[in-house]
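The values are calculated or read from the model by the stated rules, or taken from the named source; none is laboratory data. Just so you know, these numbers come straight off a predicted model, no measurement behind them. Note: ideal-geometry Cβ built from the backbone for every residue, glycine included; neighbour counts use all protein chains shown.
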Amino acid sequence: MNTLRAAFVALLFAAPALAQDLATGEAIRAAISGNTVQGSMTSSGGYTEFYAADGAIKGEDYSGTWAVEGDKMCFTYGTDPATCWNVGIAGDAITWLNGGAEEGIGVLLPGNPNNF
């Protein structure tokens, strides 16, 4: 019985952010604006991006824009259309969700430590 309980607890903590854990637009702005997120996306791999308060995204060799629309964070790079994600925020842990599926993770870093 203890093995079953331990497996359940491990599964519970490994589960992606649930709907009730999704950040509001206000919480997204408060956490992200003026800070950096470093992590990995399922489709494109590792990233480190600074999200300036004016809506600019600054990466190592690229730039873009960000905005909060409703309770989603939207990203635009070059001429590509904006893509919007739900955001799970737990302390300094960020989870990017699309249709409830986890598409990426990151860690919130204060300010612009990479001087992008």
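Brief remarks follow.
- Hits in segment 94-116 (condition: outside any strand (DSSP E or B) and without any contact (Cβ under 8 Å) to a residue 40 or more places away in the chain): G99, N115
- Members of segment 73-116 found to be of a type in the set (V, I, T), over 12 Å from the mean Cα position of the chain (by Cα) and surrounded by 15 or more Cβ atoms within 10 Å (Cβ to Cβ), listed by number: T76
- Selection within segment 73-110 - under 20 Å from G46 (Cβ atoms) and small (G, A, S): G78, G88, A93, A101, G104, G106
- Pair list, Cβ < 6 Å and 6+ apart or interchain, from segment 23-50 residues that are at positive phi and assigned to a loop (DSSP other than H, G, I, E, B) to residues that are surrounded by fewer than 14 Cβ atoms within 10 Å (Cβ to Cβ) and at pLDDT 95 or above: G34/A53
- Test for G70: is it out of contact with any strand residue (DSSP E or B) (no Cβ under 7 Å at 6 or more places or on another chain), surrounded by fewer than 14 Cβ atoms within 10 Å (Cβ to Cβ) and not hydrophobic (A, V, I, L, M, F, W, C): yes
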